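Asker: The structure follows.
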Amino acid sequence: MKGTQLGEFEELVLLTVGALYPEAYGVAVMDEILNEIGRSVNISAIHSALRRLESKGFVKSDMGGATNERGGRRKRFFELTAFGKKALDDAQELRMKLYKRIPDISFGQS
Amino acid sequence: MRKQHNIQPPKWADRFLAWYCKPEFLEEIQGDVHELFDVRLAKYGKTRANLQFGWDVLRFLRWSNIKSNRVNSNFISMTTNNFKIAARVLWKQKTNTALNISSIAVGMACFILISLYVQQELTFDKFHEKGERIYRTWTKEDYGQGQEFFYTSSPLPLAPALEENIPEVETTIRVQSGRFLVGEGENRINERISYVTPNFFDVFSFNLIQGNSVDPLGREDIVLSEAYAIKYFGDQQAVGQTLKIQIGEEQLDYTVSAIMADMPTNTGFQMDMVVSNEDLERFYNPRALTAWFNISPETFVLLKENVSIETVEAKLPDMVRKVLGDEVEEGQYVLGFQQLGDIHLDTAFPPSGLPVGNPNYVYVLATVGLLVLIMACINYTTLSTGQSIKRAKEVGIRKVVGAQRGGLVWQYLSESVLITFFAVVTGVGLAFLLLPTFNDLAGTMLEIPITADSILLLVGIILFVGMLTGLYPSMVLSNLKLISILRGSKSGGRRAGMFRKSLVVFQLLLTIFLISGSIVMRQQLNYMQNSDVGYQKDAMVYVDMYAKPGTSGLIDRIQSGFDNAEIFKSKLQSYPEIENLGTANHMFGTSGWTEVGFSDKDGQFRQFTLILTDANYNSGFEIDIVDGRDFDPDLEIDKRESIILNEAAAEYFFGFEDPIGKQLPGENFGTHRVIGVVQDFNYESLHSKVQPLIIAQNGAPMFQGGSDFSINSNPIPKVFFKYAGNSLLGVQATLEEVWESTFPSEELNFGFVDERMRLMYENEARVNKIAGVATVISILIASFGLLGLTILVVNTKVKEIGIRKVLGASPLIIMGILLRQFSLQLVLAFLISIPITWYVMEMWLSDFAYRIDIGVLVFLGSGLLSFFIMISVISYHAVRASRINPVNSLRSE
C-alpha cells in the first residue's frame, strides 16, 4: 500500500464522491468532474481511483439495487468515510496554512 | 434512451471484457461502460459510440482488473514448489551455490565466445539466399611429369563458354579485386577495388541500402560500403558524387550509384568498393579475353533451380572438348565446381580471392570450448553428489511422507536447472563484458547476436546443461534406501564416492591437458617467430615502390620500379641511421613469390622461385654465402647475367656437382651463369620446407627460359634497409620527408619485416591466444571445483580432525591428510594426460615443416603448475580446519 497520501486526482475524486452523496458511482463521478471542472477523464481511471481510495479506507462502497438502464446491471455506490472526511479536512487545512503564509510581496505588487 | 435499447455495443469488445475481467469487478465495470455507450449512442451516433466503447474496454485492461490465472494443475504447482524449495536450498548453501554458479558462468562465457568464433568460421558465405545454387569453378591441368596446375581462379573465356554450352547455368559472375589509385592530385589513395559482373548484387545477398538498388553497376558506376562512403564523403550524401580512379593509364570518373551495408564478417568477399567489369578491356589485356591458359578472375556460376550439380559437372568434359578442341588431350584439362559455402574451410582447393581457413583450428577451438563447459558442469555434479550425504535426512523424510522416486528426481533436477539458469544469465552478461577484450586479443570482429533464435538456443542450453549436471546427483539422492538413511548409516556412499573421484580426475586431466597443450603451442609459436630464418629480420624496414604510371607489361613495370628504387635509395643514403640499403621485388612475410617452371633437357618439368634484387640483397639481409661469391655492385656482368642459387636449388639442379660457373639445365634461358650459393633461408612460411630459389639482378634470361609463371604477390620492387635509430617514429618521419620530395603524387607504403612475419602466423597466434584464455578459465573452474570439494571434505571430517587434534596431531599432519585426498587424483590425472597430450600435440605439430619436439619440460611444467595451484586452493581451508579448537567440533553430537 502506498500509505494514506492523497494524490491530486484522488482528492478530486474523493471530493466529488462527498458532493454526490448518496448517488456517487463511476459514471456519475466522471460526469460530475467533467461538468464542474471541465476535465475529461476516462471511466477506467475513475474506477482505479475509487478502488485505491477504498483500499486506503477513505470511501466505502455497496452494490445498489437492480436498475432498468445499463442492461439491468447494478451500480456500485460510494460514500465518504469519517477517515476520508478527515483526510479532506487535513488537506484543506494544510493548504490554508500555507496559503496564509504567502506574503503580499510575492504577488508582485511593488 | 429507451428507443435505442435494441442497439447493443460491439459484441467482441463485450466478450473480451468478460474474458479478462475479474468476476467481482465485472458487473460494475460492464454496467458503467454500457451506460456510457447508451449516452453516447444518443448523442453522437453508432460509430462513435462503438469506437469509444472499444476504447473504454481497452483502458480497463489493467493489471488490477485482470483475472488471475487459476489453472489448477498438480504438475504446475509441483514445479512451482520444486523451484521454491530449490531456491531455498541454494540460498542456504551460499558458498556452494556461489562456486557452482560462478564456475558454470565462467565456463559458459568462454563457451559462448569461442562458439561465436567457431560459428563465424562455419557460416562463411552461407547466408546468401541463392547460396545453394552458387558454385565456384576450379581447373586442374595435368600434363604429366609433375607438370600439374590446380587453381580456383579461372580463364576469362570460361564464363561465356559456360553460359553458352550448359543450359542449366542461369548466369555466371566473374569476381576479381585489384589495387587502384583513387582520388586526384596529391591525395591519391591506393585502394582495393573489386570489379565484378554487373549482376553481382542479384546473385549474392549483399544489401544495398541507398541509391540505385536495381541496377547499381553501370559502366561508370561504383558501389561503396557504408564505411567507405563515410571515409570519402563524410556526412555528405555520397550517392551521386564522383570518384576519380586510375585504371591502367586512364583516369576515369566513377559515379557513386549506391551504398551497400558493410559486409558481414563471415563473408570472404570483404569488398568496400565495387565497380562493374562490363567493359572487360578496361581491366584485362585484350588477348587475355580469349586465352584459356591465362587465369585471372574467380568465376562463380548460378545454377537454375532444381538442377543437380552432377548433371552439370557431367557436361563439363564435352564443353572443354568443344572450346579447346585439339589444344589439350583427354584428361589434361579438367574443370569442376565447388560449392560457395564450402570454400572457406576446404583446404583441398588452393585459395584465390576468397580466404581459406584451416578447418582443424576451428575443430580444435570448438573442442576446447566444449571441454571448458564440461569441466564447469563436472564441478556441479561432484559438489552436489558430495552434498548428498548431508541431505540424506531430507530425502528420508520426504520418502516417509510418501514422495515417489520420480518426484524426487524432478526436485533435484529443478535445483540444477535453477543454478544453470542463473549461471547462464551471468555467463551471457560476462560474455558481453568480455567481448571487446576477446576481440582485441584474438584479432576478431565478433558480435553477440540478439535474436529470437539465440535466446531459444540459450533456453535449450539451460535445460540441457541443467538436466545433464543434475542427473547423477538426483539419481544418487533418490536412490538412497529409506531404512539405511533413517538408521543413520551412510551406505551407497562408496560407489558415489568412486564416481565423484573419477569425475575429479577427469576434470584435472582436462585442465592439465589444456595447460600442456597451450604451453606446446606457445613454444611452437615462439620457435617460429624467433627461430633463425637465415636472414636478418629485426629492424628491417621495407618501402613499396611504384612503376611509373603508364608503364605496361610486367617486366617493364618491374624495371620501372627498380629505376624508382635507385632514385629513392640515393636519397636515403645520406641518413646515418639507415644501413644495409637494398632492393628486391618480393619481401619476406608474403607468400606467392614468382614461380618459374620449365622443361629441362631430359624433358623433366622443373620449378623454382625467382627473386629479382639489386647487388646488395644478400649483404643487406646478412644472408650467408656458402659457395662462390656474392654480387659485386661494381661488376656490369653481375647486373646482366649472374645468378645466385640457394642450397636447395643447388642440390635440385646440380646434385652433388659444384654449381659455380654452370648454367641451369634448360634450353631457352638467356645468357646466365651461377656465381654463388647462399645458405637456405626460409623465405616463405615455416609450414613448408625451403624450396629452390634463384636470385638474379636481371630477370630477362630467366623469363626467357621459363614456360610457366605464377605470381601471386606484388612483384613491383621494394626498397629495404636496416634502421639503426631507436625511435620508430623516426623511421616514419624520415621516410615521409624523403618520399614527399621524390614521389609527391604517390602514397607512401612501408612496413617492418618482423611485423609481416608475425602477421604470417596470425592464424596460429589467434588459436593460441584463444586456447590460452580457455586454459586460464579452465584453471579457474578447476580451482573453484577443488575449493568446493575441500570445504566439503573439511566439513565431513570435522570430527575426525577434532579427535586427531585431541590425540596430539600437529596442524601439518592434518594438512597432509587433506592434501592426500586430492594428490592421488592429481597424480593419476597427470599420468593419463601425458600420452593424450603427446598424441594430440604431435598431430598439431605435424602441420609444420619446422617444428619443436615435445619435451619432458612441458609435462614437468604443467604438472608442477597444477600441483601448485591445487596446494594454494586447498591450503587455506586446510589450515583453517587444522586450527579449529577441537572442543567446538566435538562437544555436540
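The values are calculated or read from the model by the stated rules, or taken from the named source; none is laboratory data. A quick note: this is a predicted structure, and the numbers were derived from the prediction, not measured. Glycine gets a Cβ as well: all are built from the backbone with ideal geometry, and neighbour counts include every protein chain shown.
Asker: Could you look through region B:815-833, keep only residues that are surrounded by fewer than 15 Cβ atoms within 10 Å (Cβ to Cβ) and hydrophobic (A, V, I, L, M, F, W, C), and pick out the one that is farthest from B:Leu792 (Cα to Cα)?
Answerer: Among those that are surrounded by fewer than 15 Cβ atoms within 10 Å (Cβ to Cβ) and hydrophobic (A, V, I, L, M, F, W, C), it is B:Leu831.
Asker: Now a separate question. Only one of these is outside any helix (DSSP H, G or I), in contact with a Lys or Arg (Cβ under 8 Å, 6 or more places away or on another chain) and acidic (Asp, Glu): A:Glu54, A:Glu79. Name it.
Answerer: Values: A:Glu54 fails: outside any helix (DSSP H, G or I).
That would be A:Glu79, the only listed residue that is outside any helix (DSSP H, G or I), in contact with a Lys or Arg (Cβ under 8 Å, 6 or more places away or on another chain) and acidic (Asp, Glu).
Asker: Looking only at helices (runs of 4 or more DSSP H) that lie completely in region B:297-391, which have at least 1 residues being of a type in the set (Phe, Trp, Tyr) and closer than 30 Å to B:Pro473 by Cα?
Answerer: Working: elements: B:309-314, B:316-324, B:359-387.
Filter on region B:297-391 gives B:359-387.
Asker: Among B:Arg820, B:Arg880, B:Arg851, which is among the charged types (D, E, K, R), modelled with pLDDT under 85 and farther than 30 Å from B:Gly808 by Cβ?
Answerer: Working: B:Arg820 fails: farther than 30 Å from B:Gly808 by Cβ; B:Arg880 fails: farther than 30 Å from B:Gly808 by Cβ.
Only one candidate qualifies: B:Arg851.
Asker: Can you tell me which residues in region B:518-553 are farther than 22 Å from B:Phe752 by Cβ and either touching a strand residue (DSSP E or B) at 6+ places or on another chain (Cβ under 9 Å) or of a type in the set (Phe, Trp, Tyr) (or both)? Show your work before the answer.
Answerer: Initial filter on region B:518-553 (farther than 22 Å from B:Phe752 by Cβ): B:518-524, B:547-553.
Scanning region B:518-553 gives a single hit, B:Pro549.
Asker: Among (1) touching a residue at least 12 places away in the same chain (Cβ under 8 Å); (2) under 24 Å from B:Val39 (Cα atoms), which single condition is A:Arg73 missing?
Answerer: (1)
Asker: Could you grab me the full set of residues in region B:284-310 that are within 15 Å of B:Val175 (Cα to Cα) and of a type in the set (A, V, I, L, M)?
Answerer: Restricting attention to region B:284-310, the residues satisfying the condition of being within 15 Å of B:Val175 (Cα to Cα) are B:284, B:289, B:295-302.
Answer for region B:284-310, where residues must be within 15 Å of B:Val175 (Cα to Cα) and of a type in the set (A, V, I, L, M): B:Leu289, B:Ile295, B:Val301, B:Leu302.
Asker: Can you confirm whether B:Ile852 is farther than 26 Å from B:Gly443 by Cβ, in the same structural domain as B:Leu514 (by TED's automatic domain parsing), in contact (Cβ under 8 Å) with a residue 12 or more places away in the chain and surrounded by fewer than 18 Cβ atoms within 10 Å (Cβ to Cβ)? It would help to see each step written out before you state the result.
Answerer: Values: farther than 26 Å from B:Gly443 by Cβ: no; in the same structural domain as B:Leu514 (by TED's automatic domain parsing): yes; in contact (Cβ under 8 Å) with a residue 12 or more places away in the chain: yes; surrounded by fewer than 18 Cβ atoms within 10 Å (Cβ to Cβ): yes.
It is false that B:Ile852 is farther than 26 Å from B:Gly443 by Cβ, in the same structural domain as B:Leu514 (by TED's automatic domain parsing), in contact (Cβ under 8 Å) with a residue 12 or more places away in the chain and surrounded by fewer than 18 Cβ atoms within 10 Å (Cβ to Cβ).
Asker: Further, regarding this structure: Pick from B:Ile694, B:Ile716: which is in the same structural domain as B:Ser591 (by TED's automatic domain parsing) and over 36 Å from the mean Cα position of the chain (by Cα)? Talk me through it step by step, then tell me what you get.
Answerer: On the way: B:Ile716 fails: over 36 Å from the mean Cα position of the chain (by Cα).
Exactly one of B:Ile694, B:Ile716 is in the same structural domain as B:Ser591 (by TED's automatic domain parsing) and over 36 Å from the mean Cα position of the chain (by Cα), namely B:Ile694.
Asker: State all residues of region A:49-59 that are within 13 Å of chain B (Cβ to nearest Cβ), surrounded by 18 or more Cβ atoms within 10 Å (Cβ to Cβ) and either in contact with a Leu (Cβ under 7 Å, 6 or more places away or on another chain) or more than 11 Å from A:Phe78 (Cβ to Cβ) (or both); if no residue qualifies, say none.
Answerer: A:Arg52
Asker: When region A:60-80 is examined, which residues are found to be in contact with an Asp or Glu (Cβ under 9 Å, 6 or more places away or on another chain) and away from chain B (no Cβ under 14 Å)?
Answerer: Across region A:60-80, the qualifying residues are A:Lys60, A:Glu79.
Asker: For region B:503-533, give me each residue that is closer than 25 Å to B:Leu828 by Cβ and polar (S, T, N, Q).
Answerer: B:Gln507, B:Thr511, B:Ser516, B:Ser518
Asker: Return the total of residues in region B:655-666 being in contact with a Gly (Cβ under 9 Å, 6 or more places away or on another chain) and closer than 20 Å to B:Thr609 by Cβ.
Answerer: 3
Asker: Yes or no: B:Lys92 away from chain A (no Cβ under 14 Å) and either without any contact (Cβ under 8 Å) to a residue 12 or more places away in the chain or more than 30 Å from B:Arg766 (Cα to Cα) (or both)? Steps first, please.
Answerer: Working: away from chain A (no Cβ under 14 Å): yes; either without any contact (Cβ under 8 Å) to a residue 12 or more places away in the chain or more than 30 Å from B:Arg766 (Cα to Cα) (or both): yes.
When the stated conditions are applied, B:Lys92 passes them.
Asker: Also, I was wondering about something else. Evaluate region B:848-868: report whether one residue or more is touching a helix residue (DSSP H, G or I) at 6+ places or on another chain (Cβ under 6 Å), in a helix (DSSP H, G or I) and under 24 Å from B:Thr381 (Cα atoms).
Answerer: yes
Asker: Could you list, in sequence order, the residues of region A:24-45 that are part of a loop (DSSP other than H, G, I, E, B) and away from chain B (no Cβ under 12 Å)?
Answerer: A:Gly38, A:Arg39
Asker: State yes or no: is B:Asn768 more than 30 Å from B:Thr367 (Cα to Cα), in the same structural domain as B:Asp440 (by TED's automatic domain parsing) and of a type in the set (S, T, N, Q)? Give the derivation first.
Answerer: On the way: more than 30 Å from B:Thr367 (Cα to Cα): no; in the same structural domain as B:Asp440 (by TED's automatic domain parsing): yes; of a type in the set (S, T, N, Q): yes.
Here the answer is no, as B:Asn768 does not meet what is asked.
The rows are residues; the columns are (1) more than 8 Å from chain A (Cβ to nearest Cβ); (2) closer than 18 Å to A:Ala45 by Cα; (3) among the small types (Gly, Ala, Ser); (4) exposed (fewer than 13 other Cβ atoms within 10 Å of the Cβ).
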residue	(1), (2), (3), (4)
B:Pro9	yes, no, no, no
B:Asp14	yes, no, no, no
B:Ile29	no, yes, no, no
B:Leu36	no, yes, no, no
B:Thr47	yes, no, no, yes
B:Arg59	no, yes, no, no
B:Trp63	yes, yes, no, yes
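Asker: Same structure again: In this structure, is B:Glu226 surrounded by fewer than 19 Cβ atoms within 10 Å (Cβ to Cβ), of a type in the set (D, E, K, R) and without any contact (Cβ under 8 Å) to a residue 24 or more places away in the chain?
Answerer: Values: surrounded by fewer than 19 Cβ atoms within 10 Å (Cβ to Cβ): yes; of a type in the set (D, E, K, R): yes; without any contact (Cβ under 8 Å) to a residue 24 or more places away in the chain: no.
The answer is no for B:Glu226.
Asker: Counting only residues that are in a loop (DSSP other than H, G, I, E, B) and at pLDDT below 80, how many does region B:135-176 have?
Answerer: Taking region B:135-176 first, the residues in a loop (DSSP other than H, G, I, E, B) are B:143-147, B:152-154, B:156-157, B:166-168.
Narrowing the set further to residues that are at pLDDT below 80 leaves B:143-147.
Looking only at that region, the number is 5.
Asker: Just to confirm my filter: which strands (runs of 3 or more DSSP E) fall fully inside region B:177-274 and include at least 2 residues that are over 20 Å from B:Ala547 (Cβ atoms) and within 33 Å of the chain's Cα centre (by Cα)? Walk me through how you get there before you give the answer.
Answerer: Values: elements: B:189-196, B:208-211, B:221-225, B:242-247, B:250-260.
The strands (runs of 3 or more DSSP E) meeting that bar are B:189-196, B:208-211, B:221-225, B:250-260.
Asker: Taking the condition surrounded by fewer than 20 Cβ atoms within 10 Å (Cβ to Cβ) and either of a type in the set (Asp, Glu) or under 30 Å from B:Phe562 (Cα atoms) (or both), does B:Asn749 pass? I'd like the intermediate steps shown before the answer.
Answerer: Working: surrounded by fewer than 20 Cβ atoms within 10 Å (Cβ to Cβ): yes; either of a type in the set (Asp, Glu) or under 30 Å from B:Phe562 (Cα atoms) (or both): yes.
It is true that B:Asn749 is surrounded by fewer than 20 Cβ atoms within 10 Å (Cβ to Cβ) and either of a type in the set (Asp, Glu) or under 30 Å from B:Phe562 (Cα atoms) (or both).
Asker: To continue, here is another question. If a residue must be out of contact with any helix residue (DSSP H, G or I) (no Cβ under 6 Å at 6 or more places or on another chain) and surrounded by 21 or more Cβ atoms within 10 Å (Cβ to Cβ), how many such residues does region B:766-790 contain?
Answerer: Of the residues in region B:766-790, 2 are out of contact with any helix residue (DSSP H, G or I) (no Cβ under 6 Å at 6 or more places or on another chain) and surrounded by 21 or more Cβ atoms within 10 Å (Cβ to Cβ).
Asker: Scan region B:133-177 for residues that are surrounded by 15 or more Cβ atoms within 10 Å (Cβ to Cβ) and aromatic (Phe, Trp, Tyr) and jot them down.
Answerer: Those that are surrounded by 15 or more Cβ atoms within 10 Å (Cβ to Cβ) and aromatic (Phe, Trp, Tyr): B:Tyr135, B:Trp138, B:Tyr143, B:Phe149, B:Tyr151.
Asker: Yes or no: region B:800-820 includes at least one residue that is assigned to a helix (DSSP H, G or I), out of contact with any Phe, Trp or Tyr (no Cβ under 6 Å at 6 or more places or on another chain) and of a type in the set (S, T, N, Q).
Answerer: Checked region B:800-820: no residue is assigned to a helix (DSSP H, G or I), out of contact with any Phe, Trp or Tyr (no Cβ under 6 Å at 6 or more places or on another chain) and of a type in the set (S, T, N, Q).
Asker: Considering region B:278-312 alone, what residues qualify as being modelled with pLDDT of 80 or more, among the polar types (S, T, N, Q) and out of contact with any Leu (no Cβ under 9 Å at 6 or more places or on another chain)? Spell out how you get there, then give the answer.
Answerer: We begin by selecting, within region B:278-312, every residue modelled with pLDDT of 80 or more; these are B:278-284, B:297-312.
Next, only the ones that are among the polar types (S, T, N, Q) stay: B:299, B:306, B:308, B:311.
Of everything in region B:278-312, those that are modelled with pLDDT of 80 or more, among the polar types (S, T, N, Q) and out of contact with any Leu (no Cβ under 9 Å at 6 or more places or on another chain) turn out to be B:Asn306, B:Ser308, B:Thr311.
Asker: Does A:Tyr21 meet the test of being of a type in the set (Ser, Thr, Tyr) and more than 12 Å from every other protein chain (Cβ to nearest Cβ)?
Answerer: Details: of a type in the set (Ser, Thr, Tyr): yes; more than 12 Å from every other protein chain (Cβ to nearest Cβ): yes.
Judged against the criteria, A:Tyr21 is a match.
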